[in-house]
1. Residue 160's amide H: which non-local residues (gap 5+, or another chain) put their own amide H closer than 5 Å, with H modeled 1.01 Å from N in plane and none for Pro or chain starts?
2. Give the long-range amide H neighbours of residue 107: residues separated by 5 or more places, or on another chain, with amide H under 5 Å away, using H modelled in the peptide plane at 1.01 Å from N.
3. For region 110-122, what does the Karplus curve 6.51 cos²θ - 1.76 cosθ + 1.60, with θ = phi - 60°, yield as ³J(HN,Hα) per residue in whole Hz, taken in order and with x for Gly and Pro?
4. For residue 174, what residues show an amide H to amide H distance below 5 Å, using hydrogens built from the backbone and excluding near sequence neighbours?
5. Highest mean first, how do 60-70, 46-56 rank when packing is the count of other Cβ atoms within 10 Å averaged over residues?
Amino acid sequence: MKKIVKLIGIIALTAIIGFSMTACVTGTTASVSENTVLIEETTAQVEPGTLTITGLDSYNGYFICANGYLDIEDASIIAANDIVGIMYNEFMIGSEIVNGSATLPVWRITGYDYDNEDNAIVHKERYTRSDTIDLFIIIFGGESDHFSTTSMSSVYNVVAEDVMSITFEDGIASVVSDIPDFSEYNRFEMY
């Protein structure tokens, strides 16, 4: 009799585990202890000041960054991993395009200072507002992830560019690119 009760207990526990695993969806984990099944759901949080661009399959391995202005404050908005200043030049550090998409931190530039060697110190904060902004999207290659509009070596490494009107909600936006495929893009039409 004890063996039958134990067998029924094992069957019941197996059924609970099976049902809980089939009920799991992406982002959900299940764990089982002796008589308890715990299902824990995880949700990825997107930090304010984040832009995700998809539809960039032709540009895998290249880098991307963007810049624009807020009309009401004339404040510069830059979407890049970071912004660094070297000798009066502002360099945006692009995000690599992987699996046809890129996620960029979005910064609101609050000001500049210069150190004793004339290197720009960029004051910035994550963008957290809800606005529609026209961003100039730049896709570039070369040996560096740095881009500057004042550096000719950066300009020559541009493989595509476009202006996209992007709507942010609390500093977060996700868009599908309408930049032409690399094979269709003629970079000499830009200039």
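1. Excluding prolines and chain starts, which carry no amide H, the hits are 139.
2. 78, 79, 80, 127
3. 9, x, 9, 9, 10, 8, 5, 9, 6, 7, 6, 10, 8
4. Here 52 satisfy the definition.
5. 60-70, 46-56
Bear in mind that the values in this text are calculations on the coordinates, not laboratory data. Quick caveat: nothing in here was measured; it's all calculated off a predicted structure. Cβ sites come from the backbone with ideal geometry, for glycine too, and all protein chains shown count toward neighbours.
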